[in-house]
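These notes concern the structure reproduced below.
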Amino acid sequence: MEKTYNPALIQRTQRYMETHSISQNQFAAKVNLSSAALSSYLNQKYKGSVEAVERQLSEFFKLDEEAEAAAEKTASLLPRAAYVPTSISEDVCQSIRFAQLEHCMVVLHGDAGVGKSKGAQKFLRDHPTNAVGISITPSTGTLNGSIKLLARALRVPECRNKMDQMMALRSRLDGTNWVIVIDEAQHLKYAALEEIRSLTDDNPMTGEHGVGVVLIGNSEVYSRLQGRQQAQFAQLFSRIRMQREYTTRKVKEDDVRKLFPVLAEQDARKEMDFLLSVCRSPWGIRGAMNLYTNAASANDVSYENLCRMAAHMGIGMLGAV
């Protein structure tokens, strides 16, 4: 029995890949199909259930349409730029540059959701040829896990032996002006911290200078290094050239004006003061942005709706600053 294909769906799939400049493999992963299955479907030679494939594709495009509609609805109320240069995110960028120029270790720590990662992401985007970043999880915080992540980020061949891996990394980095940015660094174990820190040292054999290393995380990453009762961490602590602490209380009024330009243009003082109070609470900038985005989805960013949305999210009535 000859199978029936939906030519419009095939065309839409091909057009989506062209418009978004993604490969067939990448699109197949998005719709939870194998690359071979998608290829044979597009060529109308699929041996399996065509109906099942078309259901998956139709569901993907339906969700994509709904996401676009939601984005259109809130576009006029949300920040226009992907990156907002707040006082904290800009200070993070400058601190990373310092580590890069001085070939030293810098620790940037503090409250969650204040812009540390945003600043690091901006720096990495702006300096793709001499800056690399990795993010650590509890499972990759070991020496083996962290140096493998770094090797992949630097496109250095992976080695089974940890010593060989570090030598390969050294060979790639020595004498360069690279800077390594490590986010969620509080998950790094001592051995990983020590090896990564050693990349800032001059090579004793060749005399080549080391590279900059920036550790970003919550304050645990700094308090651990500061714990002088632990001799091993005390040694690491003495190698820190600069540390910066960022807390929610350091968020400025001008940051709120940049984060919520629509409110700033309207000089909506009551709304901005309320959002500033959220920024300076444990919820941080991230919490304020989530709150505002939820209110924007309802097309109502008034003070009253912000308060209602805050209560719904469990933020509560924080009051004006």
Checklist entry - How many percent of the accessible area of the chain is carbon or sulfur, using a 1.4 Å probe? => result 50 percent
Next on the checklist: Can you compute the label reach from Q266? Point 7 Å from Cα along the Cβ direction, backbone N cut-off under 15 Å, restricted to the stretch 51-74.
Outcome noted: 74
Item to check | the stretch 1-50: C-alpha pair distances exceeding 18 Å, % | outcome: 26 percent
Next on the checklist: I want the local charge near C307. Using Cβ-Cβ distances under 14 Å, sum +1 for each Lys or Arg and -1 for each Asp or Glu among the other residues.
Outcome noted: -2
Checklist entry - When ranked by the protection proxy of mean other Cβ atoms within 10 Å per residue, highest first, what sequence do the peptides 273-280, 294-301, 32-39 form? => result 273-280, 294-301, 32-39
Checklist entry - Of (i) 27; (ii) 42; (iii) 49, which one was derived for percent of Cα pairs over 32 Å apart from the structure shown? => result (iii)
Checklist entry - How large is ³J(HN,Hα) for each residue in the stretch 258-264, as worked out from phi by the Karplus curve 6.51 cos²θ - 1.76 cosθ + 1.60 (θ = phi - 60°), to whole Hz, x for Gly and Pro? => result 6, 6, 10, x, 5, 5, 5
Checklist entry - In square nanometres, what is one fourth of the surface area of the convex hull spanned by the alpha carbons of the stretch 1-94? => result 8.6 nm²
Item to check | For the stretch 1-110: accessible area per residue (Å², 1.4 Å) | outcome: 58 Å²
Checklist entry - So if we plug the beta-carbon distance of E72 and K189 into 1/(1 + (r/R0)^6) with R0 = 35 Å, what FRET efficiency do we get, rounded to 0.05? => result 0.15
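Which order do the peptides 108-117, 20-29 take when ranked by the mean count of other beta-carbon atoms within 10 Å per residue, highest first?
Put in order of decreasing packing, that is 108-117, 20-29.
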Item to check | Added length on full extension, which subtracts the Cα-Cα distance from 0.36 nm per residue, S35 to L154 | outcome: 40.1 nm
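Let me know the shape class of the stretch 55-160, please: from the alpha-carbon gyration tensor, a ≥ b ≥ c as square roots of the eigenvalues, rounded when a/c is under 1.5, otherwise prolate if a/b is greater than b/c, or oblate.
Working: a/c = 2.48, a/b = 1.38, b/c = 1.79.
Since a/c reaches 1.5 but b/c is at least a/b, the shape of the stretch 55-160 is classed as oblate.
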Checklist entry - Among L77, T19, N6, whose Cα lies farthest out toward the positive end of the dipole of the stretch 1-100, if unit charges sit on the beta carbon of Lys, Arg (+1) and Asp, Glu (-1)? => result N6
Checklist entry - Taking the simple approach of a point 7 Å from Cα along Cα-to-Cβ for both E220 and S171, what is their distance in nm? => result 3.6 nm
Checklist entry - Between E253 and S21, 0.36 nm times their residue separation minus their Cα-Cα distance comes to what? => result 79.5 nm
Checklist entry - Do the sum for the chain: with -39,500 (n - 2.57) for every DSSP H run of n ≥ 4, divided by all residues, what is the mean residue ellipticity at 222 nm, to the nearest 500 deg cm²/dmol? => result -16500 deg cm²/dmol
Checklist entry - Near the amide H of Q243, under 5 Å away, which other amide H atoms are found, from residues 5 or more places off or on another chain, if H is placed in the peptide plane? => result V107
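The values are calculated or read from the model by the stated rules, or taken from the named source; none is laboratory data. Small disclaimer: the values here were computed from a predicted structure and weren't measured. All Cβ positions, even for glycine, are placed from backbone atoms using ideal geometry, and neighbour counts span all protein chains on display. All accessible areas refer to the heavy atoms of the entire protein, side chains included, with ligands and DNA or RNA removed. Shrake-Rupley method; radii C 1.70, N 1.55, O 1.52, S 1.80 Å.
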